[in-house]
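I have placed the structure first, in the form of structure tokens, so that the comments after it can refer back to it.
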Amino acid sequence: MPLRLALATLLAAVLAALAPALASGKVLRYASQDDVQTVDPHAANLLTSSRVTGNLYEALVWRDKDWKVIPWLAVRWSQPDAKTWRFHLRDGVKFHDGAPFSADDVVFSAGRALHPLSQMRISLQGVEKVTKIDRLTVDFALREPNPVLLSHLTQLRIMNKAWAVKHGATLPQDYKAREDTYAARHANGTGAFRLKEYQPDVRLVLVAHADWWGRAAGVNESNLTEVVMRPIKSNATRLAALLSGEVDFVVDPATQDVARLRADPGIRIAESAELRVQYLAFDLHRDELLHGSERRKNPFKDVRVRRAVAHAIDAEAIRAKVMRGFSKPIGALIAPGIDGYSPEGDIRLPFDRARAKALLAEAGYPDGFEVTLDAGNIQPAADIAQAVAAMLAQVGIRTRANIVPQPTYFPKIERYDTSFYLLSWGGGLTADAYYTLQTLLHTRTAQGEGDFNLGRWTDPRADALLARLRVEPDAGKRREITRDILQLAAAELPAVPIHQPLIPWAMRKNVSAQVTPVNTLYFYRTRID
Amino acid sequence: MIAFIIQRLLQGVIVMLVVGFIAFSLFNFVGDPVSLMLPPEATQADRESMRTALGLDRPFYVQFANFILNAVQGNFGLSLRLGRPVSALLVERLPATLELAFVAASIALLVGIPLGVYTGLNRNSWLSRVFLTVSLIGVSLPTFLIGIFLILIFAVWLGWLPSFGRGDTTMLGGWSTGFLTTTGLKALILPSITLGLFQLTLIMRLVRSEMLEVLRTDYIKFARARGLTNRAVNFGHALKNTLVPVITITGLQLGAIIAFAIITETVFQWPGMGLLFIQAVQFADIPVMAAYLCLIGLIFVVINLVVDLLYYFVDPRLRVDHSAAGGH
């Protein structure tokens, strides 16, 4: 730690000396397929939005390059008791409009994020109330202990209270009101960049925040004075814009173009593993196959059939052919990088067609059966579903891939209108195992547990382990419990994990960008040389 | 004439109601916008509250009646994707699309008509054959492919023109124009050629075949016999008489240019209504899709009306009073 601090101080000194040189102006021209929908940090829990708001707004705690939680707007914290957290705030922090940052802004932002209109309530999991103690101290009171509160708080972005009150934006976007919220198109955070211009589908311009506290604190690595973010819908045009030098950075090049981009001497590709797992899941509730040949019983209720499916899938071939190398086969529902992932829980049944056929015969299906596999029509899901259907057909499970338009796909599986479906789950938001495993494996309850356990699998052992994990404060014990849950899931296979996707970023050679597991570029760590 | 206009207007209103109904009912089945507005990680309760907030839980006919009532007042609600009033979004995007369509139509007319006349008059010259062959490409290649080719050649290889966007725009009292800046004009070139190429070849072929037709008529032979100059015969007599079908087609094609700029706008990230629409489709943004279809319906109705009126001025036979015409 002291070494890092010393380096940081040195860096700050060097940067301060270089400050006049920075005035010359480095502009990063950034392109992505989709435009941001809102820059309100509490309205939408969407990647396109958080890619922007993550640069405009900051949280009490943030993550370092290794994705470990570090102090940010809070300099230190303590836990007077299991249900209370006390945060001491950084002094001298300035919002983009020059207003000083204080406890009032934290209390206000927490209240805004907890409002029913907010999609960011997850950032305050278990929090009941936030109170101001003095100008730079706040207390978070919890309903029940949340051992991973800090992970969640990385997503609680702090907005200036006075500004929001002045512009009537104290609540997140309200679709009922039929009018736009000021904060959806304007921003006032403490982040390293401030919003200068936002024209939907045309451009969004950020400029460096001159009074950003991070410059003095030595966390700034950027030499950018301005960032122009352009949405370019068409894959080919986005690629052309990069090749012709009209943009410097493309966050989402089409994977089929990456090989061509690698061959270009002026372009660099950075790859990172997303904290997301793509998996197949079964309807384990009904006693018959809703979409398939078996009317009298549901073959998937037999664990041997689920194991046969796992043995029949050649994840390596999917990686090479469908994903063009941009995936890592995995046997756990959480990816490496999520707190609680362990190799002992990552158990992948080997690709073995003979074994799959034997298991099917043992389970009473020597001639296999017919079933429909549902998937959304976005890539790569649609191609994966086709490949999986072909692989299962080879062991006798005659699978029809039913590719559904994405807008209708979620409603379909949410009303359990499926026997077998393909989905992916990203746990990068909190980077903690509990969030993902509870949602995918807990018995569905009215309280919102097992929200994406759409096959309605239920196992009291899993529920008991998850109940322990929810409140267990000790990191070592949490890892053990998580490993047990993963091993149980690997034995029972309510879902068959396929792979973790890798994300390519394409940029011009003079750009240095830090890859992150949430597929977001943070401009304070980005340079143009 | 007044009666004719009123009759046309009434027909227009009926057309608009039908368009509104189709737009609304079709899009009600496009999908569930809620599932796209919320992240997959959202809870069931979040989804339900969002659905209620948007009024998606009310019966179909209530939703439609509300839609028409609001639409008449120009209020199409709030875009689900951008969270802004749809009417404001359309007004914002309209200049981009209209400027693109205007330039594309101008190119089509200014190049198409002379080429049509030339190939009609010199049907056997080698240059005519070249024009006709090249025009075949314009007719048969899909728009997005032409756009990508142009981008590859002029943006990536030559680096002369931008591959996307509108360049810098200037605000002229609520109308954002790209005509007043160099970057704006440069940005117009590739998309307008892409959009106008099909219409250009269409007009060229139309003028050519009409010219061939007219040149065979008696009054042209008579005009030549009178010893009029070639110029007077070809342009004063022949071309003038080919214009009625050309006006009809150009009018309808102008509607088509505006309505089907979708593909060109997507390829060039041109921030017009078409781009707004295509993103609305992917997002199941019902208010935007419905408003767009209604607006396009309106544009077609208006263009048809204008074309009908233009006939009156171009074709003297239509100006003859009905009673007098029926008299002999």
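Against the definition (surrounded by 21 or more Cβ atoms within 10 Å (Cβ to Cβ) and either touching a Cys at 6+ places or on another chain (Cβ under 9 Å) or part of a loop (DSSP other than H, G, I, E, B) (or both)), how does A:Ala332 come out, yes or no? It is true that A:Ala332 is surrounded by 21 or more Cβ atoms within 10 Å (Cβ to Cβ) and either touching a Cys at 6+ places or on another chain (Cβ under 9 Å) or part of a loop (DSSP other than H, G, I, E, B) (or both). If the condition is being over 15 Å from A:Gln487 (Cα atoms) and not polar (S, T, N, Q), then segment A:443-459 contributes A:Arg444, A:Ala446, A:Gly448, A:Glu449, A:Gly450, A:Asp451, A:Phe452, A:Leu454, A:Gly455, A:Arg456, A:Trp457.
Within the bounds of segment A:105-121, is there any residue that is within 25 Å of A:Ala210 (Cβ to Cβ), charged (D, E, K, R) and modelled with pLDDT of 95 or more? Within segment A:105-121 (the criterion being within 25 Å of A:Ala210 (Cβ to Cβ), charged (D, E, K, R) and modelled with pLDDT of 95 or more), the answer is yes, since at least one residue qualifies. Out of everything in segment A:188-213 that is of a type in the set (Phe, Trp, Tyr) and not in a loop (DSSP other than H, G, I, E, B), what residue ends up being farthest from the chain's Cα centre (by Cα)? Going through the qualifying residues, I end up with A:Trp213.
Return the total of residues in segment A:368-412 being in a helix (DSSP H, G or I) and modelled with pLDDT under 85. Matching residues across segment A:368-412 total 7. Within segment A:204-220, one or more residues are within 14 Å of another protein chain (Cβ to nearest Cβ), out of contact with any His (no Cβ under 8 Å at 6 or more places or on another chain) and either more than 19 Å from A:Ser102 (Cα to Cα) or surrounded by fewer than 22 Cβ atoms within 10 Å (Cβ to Cβ) (or both). Checking the condition within 20 Å of A:Glu492 (Cα to Cα) and more than 13 Å from every other protein chain (Cβ to nearest Cβ), which residue from A:Thr372, A:Thr439, A:Thr399, A:Thr418 passes? Result: A:Thr418 is the single residue among A:Thr372, A:Thr439, A:Thr399, A:Thr418 that is within 20 Å of A:Glu492 (Cα to Cα) and more than 13 Å from every other protein chain (Cβ to nearest Cβ). Inclusion of A:Ala184 among residues that are within 25 Å of B:Leu82 (Cα to Cα), modelled with pLDDT under 90, touching a Gly at 6+ places or on another chain (Cβ under 7 Å) and of a type in the set (Gly, Ala, Ser) is warranted. Strands (runs of 3 or more DSSP E) fully within segment A:53-161 that include at least 1 residues being touching a His at 6+ places or on another chain (Cβ under 8 Å) and under 20 Å from A:Ala192 (Cβ atoms): A:74-81. Residues in segment B:227-238: is at least one small (Gly, Ala, Ser), out of contact with any Ser or Thr (no Cβ under 6 Å at 6 or more places or on another chain), crowded, with 21+ Cβ neighbours inside 10 Å and part of a helix (DSSP H, G or I)? Among the residues of segment B:227-238, at least one is small (Gly, Ala, Ser), out of contact with any Ser or Thr (no Cβ under 6 Å at 6 or more places or on another chain), crowded, with 21+ Cβ neighbours inside 10 Å and part of a helix (DSSP H, G or I), which makes the answer yes. Of all residues in segment B:44-69 being within 21 Å of B:Val288 (Cβ to Cβ) and of a type in the set (A, V, I, L, M), which is surrounded by the most Cβ atoms within 10 Å (Cβ to Cβ)? Going through the qualifying residues, I end up with B:Met50. Would you say B:Thr170 is without any contact (Cβ under 8 Å) to a residue 40 or more places away in the chain, loosely packed, with under 13 Cβ neighbours inside 10 Å and in contact with a helix residue (DSSP H, G or I) (Cβ under 9 Å, 6 or more places away or on another chain)? The answer is yes for B:Thr170. Filtering segment B:77-111 to residues that are small (Gly, Ala, Ser) and within 17 Å of the chain's Cα centre (by Cα) leaves B:Ala96, B:Ala101, B:Ala104, B:Ala105, B:Ser106, B:Ala108.
Looking across B:Val244, B:Val281, one residue alone is surrounded by fewer than 22 Cβ atoms within 10 Å (Cβ to Cβ) and either within 20 Å of B:Ile193 (Cβ to Cβ) or in contact with an Asp or Glu (Cβ under 9 Å, 6 or more places away or on another chain) (or both). It is B:Val244.
The values are calculated or read from the model by the stated rules, or taken from the named source; none is laboratory data. No experiment lies behind these values; they were computed from the predicted model shown. Virtual Cβ from ideal backbone geometry, glycine too; neighbours counted across all protein chains shown.
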